[in-house]
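Structure record follows, encoded as structure tokens.
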Amino acid sequence: MDLNILKNIKEDIENKFDVKAFIEELTNYLKNMETPKIKENENISEIDVDEELQNYRKEGHLYLVTEDRNNEIYLCDYTEKSKIEFKEKITDKDLLNVAKEGAMLQYKNGKYELYSENGYDMFFEEN
């Protein structure tokens, strides 16, 4: 498919363009562009996801909660001043109650703990 869409549309309108076929072709093209190619027998395991998350979890580091929703929080490593946010799923009910946007968490002994409810204040005081 030639991606000079406006030229193609003009030519197709002049030739009594089949809109339904165009939409179907465009939809298929977009699906192929957005869908990652996974081989038929290839499996994505939870271990790979956990290993990647483990690279972000660093003992003693402080993490700013940038967003919280649906038992998931988005964290940014405050200690390293990282611009990378990553998503953590929270299962601990006590932590879920305090891990709200703007809170500062600390990763200690393999889990997150509340460090401060006023993480945004800490962040903006430093800047």
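Values in this text are rule-based calculations from the coordinates and carry no lab data. What you see is a predicted model, and the numbers here were worked out from it, not measured in a lab. Neighbour counts run over all protein chains shown; Cβ positions are idealised from the backbone, glycine included.
A few remarks follow.
- In this structure the amide hydrogen of A103, modeled in the peptide plane, comes within under 5 Å of the amide hydrogens of V65, G119, none closer than 5 places in sequence on its chain.
- Label-to-label distance, nm, for residues given as K31 and R69 (7 Å Cα→Cβ offset): 2.7
- With the highest mean first, a sort of the peptides 76-84, 56-64 on other beta-carbon atoms found within 10 angstrom per residue produces 56-64, 76-84.
- The stretch between A21 and N118 holds 29.4 nm of extra length on full extension. This uses 0.36 nm per residue minus the Cα-Cα distance.
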